[in-house]
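Participant: Okay, here's the structure, questions in a sec.
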Amino acid sequence: MATTTLLNTQKKESRWGMTKKNVIWKRKDLLGLEDLSADEIALILDAAKSFKEVSTRKVKKVPTLRGKTIVSLFFEPSTRTRISFELAAKRLSADTIGITANSSSVLKGETLKDTAKNIEAMNVDVVILRHSTPGAPHLLAKVLGPSIINAGDGAHEHPTQGLLDLFTIKEKKGTLKNLKVSIIGDIAHSRVARSNIWGLKKMGADVTVCGPSTLMPVGIERMGVKVTNDLDQAIEGADVLNVLRIQVERQKKGLLPSIREYINLFGINRQRLKNAKDDMLIMHPGPINRGVELTPDVADGPCSVILEQVANGIAVRMAVLFLVTGGKE
Ligand code: CP
């Protein structure tokens, strides 16, 4: 059974090659990849590898979180993350309930903290939060007993997206160490970029960020990444291209002269990939603006692992739910 295998992996050397000592998960919450050590990331990835098999079974369920209650609060739109967490929780046999801002008493003026305190009073075990304010999950983690999982906080972090991206790269390439990963597009407004950079750097990858100067955060080099505005330079020699969504909902006006100019300079199409490595992976966290960040033939082409990222998200979120709830059956 997946969880038995998982418990065994905690006693052995990590299959992800990062740890030679026993690493036990001690955190109540998962707030970001900035906080995690390489060993903790490796532990989650190992656990996800064990859980991935559950989703291939005829009966896609293990009893691991039977009796646990998981509430998801999505105060921003989501397709992938919300469904993925819900499926992960259900496949672990947890009881789940989800609400959005539109269906909660936040619309009547209740604060996030009061909403969360009321949910805590109903004796839940895990709260999964997506919120437009950076740090919102960190606030709840300080004041609430249940585990808090950050499902995306503004432009700050999206740790489970970062983890599923790392998992997918490792699964395809066999290692993260010394891989060349280029992250393309709207770096400034992207929580996915931040979580990827923290995670990839800790696991030994070589990260380049590429995008328009107006969408590049000041001081991003301090995260240990190379910075370029030249897409051809970012593509040449890359093992992975992680292409980000243009986050129009977070951008101030005037950051891009026009979408047409963005497509000309930073859009990925087959012609732009002529000097790419044959086995370069194309990734995108979704949702894709087809024809803007990626042309459809690239998004659906042989190098694309975009839907594999989505599939791996369930295993990664099963692992995270398992670990924050104590890592025991
Ligand atoms: N990648 C991602 O976070 O997608 P959703 O916004 O659909 O959850």
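Participant: For the ranges 210-219, 140-149, what's the packing order if you count other beta-carbon atoms within 10 Å of each residue, average per peptide, and put the highest first?
Facilitator: Result, highest mean first: 140-149, 210-219.
Participant: Can you give me the C-alpha center-to-center distance between the stretch 195-251 and the stretch 281-329, rounded to a whole angstrom?
Facilitator: Each part's Cα centre sits 18 Å from the other's.
Participant: Please report, in cubic angstrom per residue, the volume enclosed by the convex hull of the alpha-carbon atoms of the chain.
Facilitator: 132
Participant: Between their Cα atoms, which of LYS28/LYS61; LYS52/LYS177; LYS90/LYS170; LYS90/LYS180; LYS28/LYS49 are more than 31 Å away from each other?
Facilitator: Beyond 31 Å between Cα atoms: LYS90/LYS180.
Participant: How big is the dipole moment of the stretch 224-329 about its Cα centre under a simple scheme where the beta carbon of each Lys and Arg is +1, that of each Asp and Glu is -1, and everything else is neutral? Debye, nearest 20, please.
Facilitator: Dipole about the Cα centre, nearest 20: 460 debye.
Participant: Another question, then. How far is helix 306-324 tilted, in degrees, relative to the longest principal axis of the Cα atoms in the chain, given as a value from 0 to 90 rounded to the nearest 10?
Facilitator: Relative to the chain, helix 306-324 is tipped by roughly 30 degrees.
Participant: On a 0 to 90 degree scale, rounded to 10, what angle separates helix 38-52 from the longest Cα axis of the chain?
Facilitator: Approximately 80 degrees, to the nearest ten.
Participant: Hey, another quick one. Take each of the peptides 273-279, 182-188, 170-176, average the number of other beta-carbon atoms within 10 Å over its residues, and list them starting from the highest.
Facilitator: Going from most to least packed, we get 182-188, 170-176, 273-279.
Participant: With θ set to phi - 60°, apply the Karplus curve 6.51 cos²θ - 1.76 cosθ + 1.60 along the stretch 226-233 and write out the HN-Hα couplings as whole Hz, x wherever there is a Gly or Pro.
Facilitator: After applying 6.51 cos²θ - 1.76 cosθ + 1.60, I find 8, 10, 8, 9, 9, 4, 4, 5 Hz.
Participant: Round to the nearest 10 and give me the degree value, 0 to 90, for the angle of helix 80-91's Cα axis relative to the longest principal axis of the chain.
Facilitator: 30
Participant: Another one. In debye, nearest 20: dipole of the chain around its Cα centre with unit charges on the Cβ of K, R (+) and D, E (-)? Walk me through the numbers before you get to the answer.
Facilitator: Values: 48 positive and 35 negative charges, 166 e Å.
So the magnitude is around 800 debye.
Participant: When ranked by the protection proxy of mean other Cβ atoms within 10 Å per residue, highest first, what sequence do the peptides 312-324, 256-268 form?
Facilitator: The most tightly packed comes first, giving 312-324, 256-268.
Participant: Using Cα pairs under 8 angstrom and six or more residues apart, how large is the relative contact order of the chain, in percent?
Facilitator: 20
Read the figures in this text as sums done on the coordinates, not as results from a lab. This is a predicted model, so every value here is computed, not measured. Please note: Cβ atoms are built from the backbone with ideal geometry, for glycine as well, and neighbour counts cover all protein chains shown.
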